[in-house]
Amino acid sequence: MANIGFIGLGNMGLPMAINLVKAEHSLKVFDTVPTQLDKAAAEGMTTCLFAGQVCEDADIVITMLPNGEIVRKVFEEIVPTCAAGTTIIDSSTIDVSSAKAIHIQAADADLGCIDAPVSGGVGGAEAGTLTFMVGGPKKAFDQAHPFLEIMGGKIVHCGDGGAGQSAKICNNMLLGISMIGACEAFILAEKLGLDQQALFDVVSTASGSCWSVNTYCPVPGVGPKSPADNDYKPGFAAALMLKDLNLSQQAADESELATPMGKHATDIYNEMVEAGGGDTDFSGVIKHLADMKRK
Ligand code: NAD
């Protein structure tokens, strides 16, 4: 049984923490929202009054927070409190620069650290089947691995500090672009009088095949069951796709790279979210695209 500190008990963090409790680990937890602490207490976790308190006696500390600014602030508080040898796992999705900064901070204090963002959503967090994309030293990765295994189904060590966040935003930039491409193909097919099922039957086994078509087809009634068959309820909300696309563009800026398709996808999701579609599944961008007029 390990002593685990857990900070950030939101939609993702709480079910992840519950899986650690189910595996008979002892959890001290903190969140700024008291109702989240009440839910954690009901699951047998010990609640704390501030972030630093979760680190007392902790072998592992896990953070699952909204953004890089908050993660940096929380690290300011927890790094001086952790005993040397503690390993910190940041599973939040944050910008690559912040991820690299917290790695330096942890290493300076003799702490292990990995950035370990996830994919799989709330369903994956509840089922313990998340995919972890991990950056950081091999020693910290090995120390974290048994705990990641409880919360996840697939764990990939991508490289040095920041590599997990880099993998996550590159994947999601590609996903955002490919979903828009898939939607455009199906909308054009409809206008041309081509049956959308016929297009699926061709594309899903041809050179245009991709996850956005084969597994997550944005057209209701076509392909395997997806959010399109459930009135575009997420799934993966457009607001979260926009967050990840913005992170990809921040990284592209810092790398002085154009990524024109990534930029265009960011603009399109931004329009969708501004029009009130943030809570819609990201494949619902098909409706937004269908309404756009050719300039
Ligand atoms: P959430 O907003 O539901 O949860 C974040 C939690 O952090 C909240 O409970 C909030 O009160 C708490 N918090 C905020 N500031 C804090 C602080 N200073 N100290 C302690 N607690 C604080 O978000 P979520 O959906 O659980 O996502 C968490 C992270 O996982 C985000 O970075 C998100 O991008 C990423 N992510 C989410 C999903 C998803 O489907 N929801 C999927 C993959 C990755």
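The values are calculated or read from the model by the stated rules, or taken from the named source; none is laboratory data. Quantities reported herein were computed from a predicted structural model and do not represent experimental measurements. Note that each Cβ is placed from the backbone with ideal geometry, even for glycine, and that neighbours are counted across all protein chains shown. Ligands, DNA and RNA are stripped out before the accessible areas are found, and what is left, the full protein with its side chains, is counted by its heavy atoms. Shrake-Rupley method; radii C 1.70, N 1.55, O 1.52, S 1.80 Å.
Model label points for Thr46 and Asn67, set 7 angstrom from Cα along the Cα-to-Cβ axis, are 3.4 nm apart.
Put simply, when 252-258, 26-32 are sorted by average Cβ atoms within 10 angstrom per residue, most first, you get 26-32, 252-258. At full extension, Ala23 and Glu254 could sit 79.1 nm farther apart than now, given 0.36 nm per residue minus the alpha carbon distance. Computed about its Cα centre, the charge dipole of segment 3-161 is approximately 260 debye, with only Lys, Arg, Asp and Glu carrying charge at their Cβ. Accessible area of Lys39 (1.4 Å probe, protein heavy atoms only, ligands and nucleic acids ignored): about 100 Å².
For segment 3-161, the carbon plus sulfur part of the accessible surface works out to 53%, probe radius 1.4 Å. Note on Asp95: accessible area is roughly 20 Å² with a 1.4 Å probe, heavy atoms of protein only.
Rounded to the nearest Hz, the phi-derived 3J(HN,Hα) couplings of segment 196-212 under the Karplus curve 6.51 cos²θ - 1.76 cosθ + 1.60 (θ = phi - 60°) are 5, 5, 5, 5, 4, 4, 6, 4, 5, 10, 10, 5, x, 5, 6, 4, 5, where x marks glycine and proline.
Computed over segment 112-254, the range of Cα coordinates on each principal axis works out to 58, 36, 28 Å, biggest value leading. Of all aspartates and glutamates in the structure, those lying under 17 Å Cα to Cα from Lys73, and not within fewer than 8 positions of it along the same chain, are Asp31, Asp90, Asp95, Asp108, Asp115. Calculation over all alpha carbon pairs of the chain in 5 angstrom steps from 0 returns a P(r) of 1, 6, 12, 15, 16, 15, 12, 9, 7, 4, 2, 1, 0, 0 percent. So what's the gap between the Cα centers of segment 88-114 and segment 44-86, to the nearest angstrom? When both Cα centres are located, 12 Å separates them.
Among the listed pairs Lys100/Lys168; Lys100/Lys243; Lys22/Lys243; Lys154/Lys233, those whose Cα-Cα separation exceeds 21 Å are Lys22/Lys243; Lys154/Lys233.
Computed over neighbours whose Cβ is under 13 Å from that of Asn171, the net charge equals +1, Lys and Arg +1, Asp and Glu -1.
Over all other residues within a Cβ to Cβ distance under 11 Å of Ala99, the charged ones net out to -1, with Lys and Arg as +1 and Asp and Glu as -1. Over segment 3-161, accessible surface divided per residue gives 42 Å², non-protein components excluded, 1.4 Å probe.
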